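Worksheet: the structure to be examined is printed underneath.
Quick note: the coordinates plus some simple rules give every number you see, no bench work behind them. The model shown is predicted, which means the values in this text are computed figures rather than measured ones. Backbone-built Cβ (ideal geometry, glycine too); neighbour counts: all protein chains shown.
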Amino acid sequence: MRSLLILAALAALVTTPALAAEGSAVEARYSPAFQQCLDAPTGQSTAGMIQCVGEELKIQDAALNAAWRETTASMNARQKAGLLKAQRAWIAFRDADCASRYDPDWGSMSTISANFCMLRRTVERTIELEEFLPGEN
């Protein structure tokens, strides 16, 4: 139950319809094991939630890497270099954005928020790479 409250609190951070739809697409990518982990007794504590997010992040990071390989497979060196530059900028943004959500003065909820941020941003980037259509815009 606590995990549902935390997920609801994080979902409340989404304030616009466009972001809400994006959040739904992101959440649809989470594995069934992730919710099971959060619902388990061990997933009810801060440490348990962070552990669940960490395990899900491994799954989603693998999906991100697969999307990267597929997206870059038919690119020439110049195109790959351009996307690599963007990917490095995205990593810097993700890390800074998620780090900004943590402060010890904000309590354990900020630790959870920062970890969920990493997970959410990873899935968002996976979707972006899957939708990446070179030469079309």
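So what's the net charge close to Ala33: Lys and Arg +1, Asp and Glu -1, counting the other residues with Cβ under 9 Å from its Cβ?
-2
Please list, in chain and number order, the residues 5+ apart from Tyr102 or on another chain whose amide H is under 5 Å from its amide H, with Hs placed from the backbone.
Long-range HN contacts for Tyr102: none found.
What list of ³J(HN,Hα) couplings, whole Hz, do you get for region 114-127 from phi and the Karplus terms 6.51, -1.76, 1.60, once you set θ to phi - 60° and write x for glycine and proline?
Values per residue, Gly and Pro as x: 5, 5, 5, 4, 4, 5, 4, 4, 5, 5, 4, 5, 4, 4 Hz.
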